[in-house]
Amino acid sequence: MGIAARPGLWPALAQGVAATVDHDAVLRDQRFATILDVGANKGQFAAYALWRWPQARLVCFEPLPGPRARLAAVTRGAAEIQACALGTADADALIHVASRADSSSMLPLGDRQKSLFDMDEVGTLRVPVRRLDACVSPGLARPALLKIDVQGYELEVLKGATGVLPEIDAVYVEVSYEELYVQQALAADVIGFLDAAGFSASRFLSGVKTDETVVQQDILFTRR
């Protein structure tokens, strides 16, 4: 219904991509000139970002070729697309491909992830991994948003972004309160890292719940 009421999101829907308009509950009154979309998948957040902030520079990171092709179709030249995962060092590594591509991760899927979301790991693919610091040049137009949705690999992305973080005004990141991927960092680790970097949690999107317990949640962090 949210997409139906927003004609600007219809072209993405025609490509089979539903923009994540639920993020509007947290982000609609924010203003950004640069958006770094880490874990862009097939363009769910990118489509929303282009609709909400049409004048912003949008840089998307997506290592999987199938979703990345759909991302390119959805953004129609309006985004810079980088064909890599992000982490703590420049290297090549295996990404664990899930039966739901948007749940693929640089970490193996855990039993909790498989059972909770009814999926499995269907293979691996070697992909390039880069530090965010190596992918964007200094002097970002401000305000700048760093959005991270990388299925348990959030802390590694942040550790590879220490050079660019001083130019970031807000971080919008998915965190987990339970281990869904093998040896992933949990919410407390991500929150602690961002707190030390000068950010505070300011808004929370209603998360995935089981038995009234929040398992996963998107949090907006803003610079203090």
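The values are calculated or read from the model by the stated rules, or taken from the named source; none is laboratory data. Please read all numbers here as calculations on a predicted model, not as lab measurements. Cβ atoms come from the backbone with ideal geometry, glycine included; neighbour counts cover every protein chain shown. We work out accessible area using only protein heavy atoms, side chains counted, and drop any ligands, DNA or RNA first. Shrake-Rupley method; radii C 1.70, N 1.55, O 1.52, S 1.80 Å.
Here are the numbers for the structure shown:
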{"quantity": "Per residue, in Å², the accessible surface of the chain once ligands and nucleic acids are set aside, probe 1.4 Å", "calculated": "44 Å²"}
{"quantity": "Proximal charge balance of residue 69 [Cβ under 14 Å; K/R count +1, D/E count -1]", "calculated": "+3"}
{"quantity": "Solvent-accessible area, 1.4 Å probe, carbon plus sulfur percent, for the chain", "calculated": "50 percent"}
{"quantity": "Reachable lysines from residue 209, criterion Cα separation under 26 angstrom, eight or more residues apart if same chain", "calculated": "42, 114, 147"}
{"quantity": "Calculated FRET efficiency for the pair residue 122/residue 13, C-beta based, R₀ 22 Å, to 0.05", "calculated": "0.25"}
{"quantity": "Rg [Å, one decimal], Dmax [Å, integer] - segment 88-224, C-alpha atoms", "calculated": "15.3, 45"}
{"quantity": "Among 188, 221, 206 - extreme Cα towards positive end, dipole of segment 181-224, charges at beta-carbon", "calculated": "221"}
{"quantity": "Residue-span extension gain [residue 31 to residue 133] - 0.36 nm each, minus C-alpha spacing", "calculated": "34.4 nm"}
{"quantity": "Nearest-20 debye value, segment 1-68 charge dipole, Cβ charges on Lys, Arg, Asp, Glu", "calculated": "140 debye"}
{"quantity": "Ellipticity estimate at 222 nm from DSSP helix runs (n ≥ 4, -39,500 (n - 2.57)) divided over the chain, nearest 500", "calculated": "-6000 deg cm²/dmol"}
{"quantity": "Value of D in µm² per second that Stokes-Einstein yields for segment 110-158, Kirkwood Rh from Cα pairs, at 25 °C (0.890 mPa s)", "calculated": "174 µm²/s"}
{"quantity": "3J(HN,Hα) from dihedral phi, segment 80-89, Karplus parametrisation 6.51/-1.76/1.60, rounded to Hz, x for glycine, proline", "calculated": "8, 10, 10, 8, 7, 8, 10, x, 8, 8"}
{"quantity": "Relative contact order computed over segment 93-224 (Cα-Cα under 8 Å; 6+ residues apart), in percent", "calculated": "22 percent"}
{"quantity": "Sites residue 91 and residue 223, calculated FRET efficiency, Cβ-Cβ separation with R0 22 Å, nearest 0.05", "calculated": "0.15"}
{"quantity": "Label point distance in nm, residue 183-residue 101, each placed 7 Å from Cα along Cα→Cβ", "calculated": "2.8 nm"}
{"quantity": "Within segment 54-204: Cβ-based charge dipole about Cα centre, in debye rounded to nearest 20 (Lys, Arg +1; Asp, Glu -1)", "calculated": "560 debye"}
{"quantity": "The chain, relative contact order [Cα under 8 Å, separation at least 6], %", "calculated": "17 percent"}
{"quantity": "Tail fraction, Cα-Cα pairs, segment 84-145, threshold 18 Å, whole percent", "calculated": "48 percent"}
